[in-house]
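Reading through the structure tokens given below for one structure.
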Amino acid sequence: MCEQQRIYYFFFCISKKHILLRCNFSIPMMKTISLKMDELIFEETEEILLTCKKPRNRYINEALNYYNHAQKRLLLEKMLQRESKAVHASSMEVLRDFENIDDELQTV
């Protein structure tokens, strides 16, 4: 994510004492996109926006953020399943080795 570093100066006058604060903020850069939506989805979105009183841009950003998190979880789940299958054989081999050690200790 590309962020722009900005320095802001705040000037306060409290009880005839002047205070100047210098603050650094990271501000995420906004990108402009063209979006084609199905008409039914657009109408439903507009109805929801009227009730929640949120700007369309904010609503779409939050929806995409939620969807991205869900997709990352699915990708992580698939990766863990692949890796689990990859180590399954060696895990079973280690388990057999431990069982053999346990059997040998019981016979002694």
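The values are calculated or read from the model by the stated rules, or taken from the named source; none is laboratory data. Everything numeric in this text was worked out from a predicted model, so none of it was measured. Glycine gets a Cβ as well: all are built from the backbone with ideal geometry, and neighbour counts include every protein chain shown.
Before moving on, here are some points about what is shown:
- Any hit, the range 11-29, residues being modelled with pLDDT of 60 or more and touching a Ser or Thr at 6+ places or on another chain (Cβ under 8 Å): no
- Of all residues in the range 48-67, those being surrounded by 11 or more Cβ atoms within 10 Å (Cβ to Cβ) and not in a helix (DSSP H, G or I) number 1.
- Output for the range 35-47, where each listed residue is surrounded by 10 or more Cβ atoms within 10 Å (Cβ to Cβ) and not in a helix (DSSP H, G or I): 37
- Residue tally, condition closer than 19 Å to residue 32 by Cβ and among the charged types (D, E, K, R), over the range 55-96: 3
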